[in-house]
1. Just the number, please: Stokes-Einstein D of region 78-123 in µm²/s, Kirkwood Rh from C-alpha pairs, 37 °C, 0.692 mPa s.
2. Just need the Rg to Rh number for the chain, please, alpha carbons only, Kirkwood Rh.
3. Averaging the inverse of every distinct alpha carbon separation and then flipping it gives the Kirkwood radius. What is it for region 51-104, in angstrom units?
4. Pairs of alpha-carbon atoms within less than 8 angstrom and 6+ residues apart define the contacts here; what relative contact order does region 17-119 have, in percent?
5. Can you tell me the relative contact order of region 49-108? Whole percent, Cα pairs under 8 Å, sequence separation 6 or more.
6. Which parts of region 60-90 would a label at A120 reach, counting a residue when its backbone N lies under 16 Å from a point 7 Å out along Cα-to-Cβ?
7. Hey, could you grab the Kirkwood Rh for region 4-76? Inverse mean 1/r over distinct alpha carbon pairs, Å, one decimal.
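Coordinate-derived values only; no laboratory data. This one's a predicted model, so the numbers in the text were calculated from it and none came from an experiment. As a convention, Cβ positions derive from the backbone with ideal geometry for all residues, glycine included, and neighbour counts pool all protein chains shown.
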Amino acid sequence: MSTRQYIVNLNQLQDISTFSPPLHTKTTERKLIDETKGARNFALWHGEVGPGGMVELHVHEEMEKAIIILDGECLFKLDDQEYRLGKGDIVFVPPKYPHQLSTVGTTTLKTLVIMAPPPASLKEWHKI
């Protein structure tokens, strides 16, 4: 059995199909690790949010989420607080916490998003 299926290279993202979840504007998401790679308890996505893009205020009922900023800047609203985040920042979003993201400036925001449990479908984004 080959273990190569368990390795993903961030420099080869062009080989991974893209999508945009509900409530996301000017975004491109790629599933790096999910059930297709054998992950049952979490998912890892790479996200890009273009200048002027945003993720509307929403919640996840059961999912915990960690967002790692790889490049760019954003305003991140978590519950009733807003933070300016940039490269190297990591934010944890507990279940049922309203959160929103909008890009700052002219640079594309690049992120890694860890979700546990993994979303069963894209219907898990609940608008506030």
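1. Diffusion coefficient, whole number: 256 µm²/s.
2. 0.96
3. 11.3
4. 34
5. For region 49-108, the relative contact order is 50 percent.
6. So the set is 60-64.
7. 13.8
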